[in-house]
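Reviewing the structure listed below.
The values are calculated or read from the model by the stated rules, or taken from the named source; none is laboratory data. These figures come from a predicted structure and were not determined experimentally. Methodologically, a virtual Cβ is constructed for each residue, glycine included, from the backbone with ideal geometry; neighbour enumeration extends over all protein chains shown. Heads up: the accessible areas ignore ligands, DNA and RNA and are worked out on the full protein's heavy atoms, side chains in. Shrake-Rupley method; radii C 1.70, N 1.55, O 1.52, S 1.80 Å.
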Amino acid sequence: MKDRLPSVKTVLIAILAVLGLSAAAAMPPEAPTEDSLIWLEETESGRSIEWVKAANENTLARLTADPRYDEVKQHALEILDRPNRLPDLLSTRQYRGYIYHILQDGDRPRGLLRRSTLSSYAAGVPEWENMVDFAEVGRADGREWFGTLAQASFAPSGNRMLIAMSDGGTDAVTLREFDLEANKLVADGFVTAAGRQVALWINDDTIGISAILSPDDASFAGFPTKVRIWQRGQPVEASEVIYTAPADHIMVQPIVFESATWRATGFLSVGAGFKADTFVLNDEDRPILLDLPGQFDLSAFGGFTGIGTEMLAIVGDGWTIDGETVTSKTVVAFDVTRLLDQSVAQNEAIRPVYTLAEDETFNIFSNLTATRDVVYANILKDVASSLRKIERGADGQWTIEAIEGVPQPGSIWFPSTSDPYSETLVFRYEDFLTPLTEYRMEQNKPVVIRREVSSTDLSRFVTEQFFATAEDGTRVPYFVTRSKDFAFDGNAPVLMYAYGGFGYTVTPTFEIAYSGPLHELWLDAGGVYVSAGPRGGGEYGDRWHTSARGQDRQIVYDDLYAIADDISDRGLGSPGRLGIIGGSNGGLTAAVLATQRPDLFSASIAVVPVIDMMRYHKLLAGAAWIEEYGNPDVAADREVLLSYSPYHNIDREADYPEMLVMTSTQDDRVHPGHARKFAAKLAEQGHPVLFYEARQGGHSMAVDNEGRSVNAAIMATYLMQKLQVEPESGN
């Protein structure tokens with residue numbers, strides 16, 4: 001903190017905290033006036049870019065002058081480029097006996113798509129076949145293409161593939177057809193212009209696509225609303241529209257229903273709260289509405305898998321089937337062919353398979369995957385993963401059993417899509433002190449294939465889980481990773497990571513979302529790392545999420561204050577030695593904590609943050625988040641949003657920590673105007689602030705290891721300066 005007396009407001013905030021009241025609740029803000037900084041929302045205007053350049057220069061001049069910056073950046077780059085590093089899961093797919101992944105290193109910063117036979121890969125000796133060098137494609141096109149497998153699609157024959165490429169890491173992608181037999185891009189094949197779109201194969205010559213081809217194709221949230229049937233040789237603009245979503249729906253999402261013996265295509269038409277109507281295409285490629293309840297877990301957006309025509313799914317916020325309620329902690333099986341049979345009752349086509357215990361939930365990012373005869377479930381108990389096997393017996397009944405042999409407590413990650421045509425499952429495990437480790441399932445036992453190796457001596461550290469008690473008595477989980485010879489005197493520098501929204505669960509991982517190797521760098525420099533699980537996330541399922549949504553959002557931040565108090569009570573840290581970091585919605589969290597409780601936090605890093613809660617719904621994809629945050633155009637919601645909106649709660653007299661605000665010019669999900677305006681307003685009112693905007697990277701803020709190492713070095717150096725961390729000797 002700065003060496004001056006705290007402001008009256010800062011003292012009052014601290015007193016209110018002792019009384020169990022939040023500053024937001026006790027000190028409602030005034031109504032917003034005209035936004036004088038709205039010009040910073042002009043993403044590429046000359047005026048705004050000049051402001052960005054000046055702010056970047058100021059930040060880099062300050063941080064790169066620190067002798068630790070170059071050392072940290074080089075260390076980060078070595079971590080990111082190490083030969084044993086496993087690619088990101090979004091850059092990995094398992095399908096029809098192959099593992100596909102995108103190799104990205106110092107020699108191939110744009111990425112190289114390659115594949116190996118599953119058998120050689122699972123044996124630990126992959127036989128790689130190079131497929132697409134994205135730098136070469138980019139040079140030919142005059143674009144800076146980066147490859148992603150998150151939207152890859154395979155033809156039913158297994159001979160063709162759609163590959164997605166992003167210009168600079170944006171959510172907008174171009175799709176290209178690739179011939180897997182000839183091992184080359186198809187020059188006159190299916191090709192799309194860059195944009196928000198999802199496509200999948202119906203057969204080798206037909207594609208179902210949801211894309212924005214004209215302004216009328218976009219929803220109020222900027223997502224596609226039409227499903228088209230695109231025939232080979234036909235311009236996509238001439239393709240037949242078979243469905244248009246209602247005006248109040250957010251998007252349509254093409255999906256595949258797929259098992260080893262049956263496959264169909266369809267789509268979800270997604271409305272408010274991500275409740276969806278589910279359609280399957282018949283033999284004439286006409287959409288048929290399935291008689292399914294409205295909401296699934298968000299994993300349904302990747303499609304469904306199962307055994308035969310019976311697909312497994314995770315219930316969203318609770319289903320009612322013929323008058324009977326099925327909780328949101330349930331795996332259900334639904335038989336598509338029986339649902340299409342009008343003579344079959346709904347409860348004969350849908351049946352519960354497994355219901356979780358109260359302290360269990362599913363990992364929203366990685367929960368169900370299938371091989372030829374087995375479906376595997378990734379179940380969280382107190383935020384730690386365990387592996388279960390789900391099978392359907394000869395009598396048609398489903399059974400579930402635990403798989404032993406995976407370490408605890410940590411995170412299990414399945415490939416981004418199922419591979420129902422293979423008998424082998426490859427999955428990964430990590431925790432705060434275990435870099436990614438890859439396993440294969442062999443006779444119901446996980447067998448290690450390969451491990452990442454850290455250059456840091458991780459045996460010096462230990463991870464513990466604690467529970468803070470919120471004001472209403474709720475136990476709020478958090479993990480602490482610290483050195484084994486810890487003093488417990490409250491003097492340690494502590495970095496807390498938090499998200500707290502959209503039902504996303506923050507599980508034990510070796511790297512921090514949006515900041516790559518920062519966690520390893522922070523431990524190596526002598527810091528303590530805390531991973532928090534406040535309400536608003538999905539740590540305990542739907543109830544954990546919805547209890548802090550909309551008008552109850554302050555609960556997220558109050559839970560984190562309870563964790564901060566618990567950290568202090570245990571001697572793990574203390575006010576003035578605590579930093580907070582978060583990205584996207586977590587960036588909102590980091591900014592709220594620093595503006596509401598500057599007495600607690602001496603450092604705050606808000607990465608690609610949502611900040612202006614009066615205009616978020618008017619910027620890019622923001623309108624899709626109204627169910628989460630509330631509607632600024634509704635008086636009751638507006639009052640709550642104004643009570644915590646960081647942009648509207650900056651107080652000229654407050655004693656804020658110097659914050660670090662980071663974004664990307666090409667972020668087409670959370671508008672960079674949020675971060676720009678927040679930093680500019682802080683500076684305008686006399687508060688110290690550091691701002692950095694990457695030109696590339698989209699919502700991830702980096703597309704290559706050089707960019708990731710710069711981001712990590714900026715964050716780590718800032719934290720060392722603000723929390724007074726000195727590198728340990730010998731590191």
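The residue that is surrounded by the most Cβ atoms within 10 Å (Cβ to Cβ), among those in the range 532-591 that are acidic (D, E) and more than 25 Å from H674 (Cβ to Cβ), is E539. Would you check if T64 is of a type in the set (S, T, N, Q) and at pLDDT 95 or above? Against the criterion (of a type in the set (S, T, N, Q) and at pLDDT 95 or above), T64 qualifies. Mind listing whichever residues of the range 362-384 are open to solvent by 10 Å² or more (accessible area, probe 1.4 Å), β-branched (V, I, T) and farther than 15 Å from F427 by Cβ? Passing the criteria: only I364. Selection of the range 612-624 for residues being free of Cβ contacts under 8 Å to residues at least 24 places away in the same chain and within 16 Å of D248 (Cβ to Cβ) yields only H617.
Scanning the range 180-193 for residues that are within 31 Å of the chain's Cα centre (by Cα) and either loosely packed, with under 14 Cβ neighbours inside 10 Å or hydrophobic (A, V, I, L, M, F, W, C) (or both) yields L180, L185, F190, V191, A193. Scan the range 304-330 for residues that are within 23 Å of I364 (Cβ to Cβ), in a strand (DSSP E or B) and free of Cβ contacts under 8 Å to residues at least 60 places away in the same chain and report the count. Total meeting the criteria: 11.
The numbered conditions (1) among the aromatic types (F, W, Y); (2) over 29 Å from Y629 (Cβ atoms); (3) in contact with a helix residue (DSSP H, G or I) (Cβ under 8 Å, 6 or more places away or on another chain) are all true for W201 except (3). For the range 568-609, residues that are more than 13 Å from E658 (Cβ to Cβ), outside any helix (DSSP H, G or I), touching a Pro at 6+ places or on another chain (Cβ under 9 Å) and among the aliphatic types (A, V, I, L, M) total 3. If you filter the range 473-504 down to residues that are surrounded by fewer than 23 Cβ atoms within 10 Å (Cβ to Cβ) and of a type in the set (S, T, Y), you find that the one that is nearest to the chain's Cα centre (by Cα) is Y504.
Can you name the residue in the range 401-415 that is assigned to a strand (DSSP E or B) and free of Cβ contacts under 8 Å to residues at least 60 places away in the same chain and is also nearest to the chain's Cα centre (by Cα) among such residues? If we take residues in the range 401-415 being assigned to a strand (DSSP E or B) and free of Cβ contacts under 8 Å to residues at least 60 places away in the same chain, then I412 is nearest to the chain's Cα centre (by Cα). Do we have any residue at all in the range 239-257 that's surrounded by 22 or more Cβ atoms within 10 Å (Cβ to Cβ), charged (D, E, K, R) and in a strand (DSSP E or B)? Looking for residues that are surrounded by 22 or more Cβ atoms within 10 Å (Cβ to Cβ), charged (D, E, K, R) and in a strand (DSSP E or B), one finds none in the range 239-257, hence no. Taking the criterion of being farther than 20 Å from F154 by Cβ, open to solvent by less than 70 Å² (accessible area, probe 1.4 Å) and without any contact (Cβ under 8 Å) to a residue 24 or more places away in the chain, the residues of the range 224-238 that qualify are Q234, A238.
Would you call D599 within 23 Å of I650 (Cα to Cα), in contact (Cβ under 8 Å) with a residue 60 or more places away in the chain, surrounded by fewer than 24 Cβ atoms within 10 Å (Cβ to Cβ) and not aliphatic (A, V, I, L, M)? Answer is yes for this residue.
Out of all the residues in the range 623-635, which are on the phi < 0 side of the Ramachandran plot and either of a type in the set (G, A, S) or assigned to a helix (DSSP H, G or I) (or both)? Correct list: A623, A624, W625, I626, E627, E628, Y629, A635.
Just one of the listed residues (V494, V530, V480) is over 18 Å from T361 (Cβ atoms), aliphatic (A, V, I, L, M) and free of Cβ contacts under 8 Å to residues at least 60 places away in the same chain, namely V530.
Of the residues making up the range 331-364, those that are over 20 Å from W262 (Cβ atoms) and not in a loop (DSSP other than H, G, I, E, B) are Q346, N347, P352, Y354, T355, E360, T361, F362. You will find that of R676, R708, R638, the residue that is assigned to a helix (DSSP H, G or I) and under 22 Å from A54 (Cβ atoms) is R676 and no other.
Considering A260, A264, A300, the condition of being out of contact with any Lys or Arg (no Cβ under 7 Å at 6 or more places or on another chain), under 21 Å from V375 (Cβ atoms) and not in a strand (DSSP E or B) is satisfied by A300 alone. From the list A199, A221, the lone residue that is open to solvent by less than 60 Å² (accessible area, probe 1.4 Å), assigned to a loop (DSSP other than H, G, I, E, B) and of a type in the set (A, V, I, L, M, F, W, C) is A221.
Give the range 433-487 a look and list any residue that's in a loop (DSSP other than H, G, I, E, B), within 30 Å of Q554 (Cα to Cα) and hydrophobic (A, V, I, L, M, F, W, C), or say none. Answer for the range 433-487, where residues must be in a loop (DSSP other than H, G, I, E, B), within 30 Å of Q554 (Cα to Cα) and hydrophobic (A, V, I, L, M, F, W, C): just A470. Looking at the range 61-134, the strands (runs of 3 or more DSSP E) lying wholly inside it that each contain 1 or more residues that are open to solvent by less than 60 Å² (accessible area, probe 1.4 Å), in contact (Cβ under 8 Å) with a residue 40 or more places away in the chain and of a type in the set (S, T, Y) sit at 92-95, 98-103. Among the residues of the range 424-462, the one identified as open to solvent by 30 Å² or more (accessible area, probe 1.4 Å), at pLDDT 90 or above and acidic (D, E) is D457.
Among what's in the range 682-704 and is in a helix (DSSP H, G or I) and surrounded by fewer than 22 Cβ atoms within 10 Å (Cβ to Cβ), pick the residue that is farthest from the chain's Cα centre (by Cα). Taking the candidates together, the pick is E684. Filter the range 317-329 for residues that are under 25 Å from the mean Cα position of the chain (by Cα) and crowded, with 21+ Cβ neighbours inside 10 Å; which is farthest from V353 (Cα to Cα)? The extreme case among them is S328. Just to be sure, is N363 within 29 Å of T509 (Cβ to Cβ) and either modelled with pLDDT of 90 or more or touching a Leu at 6+ places or on another chain (Cβ under 8 Å) (or both)? Taking the combined requirement at face value, the residue satisfies it.
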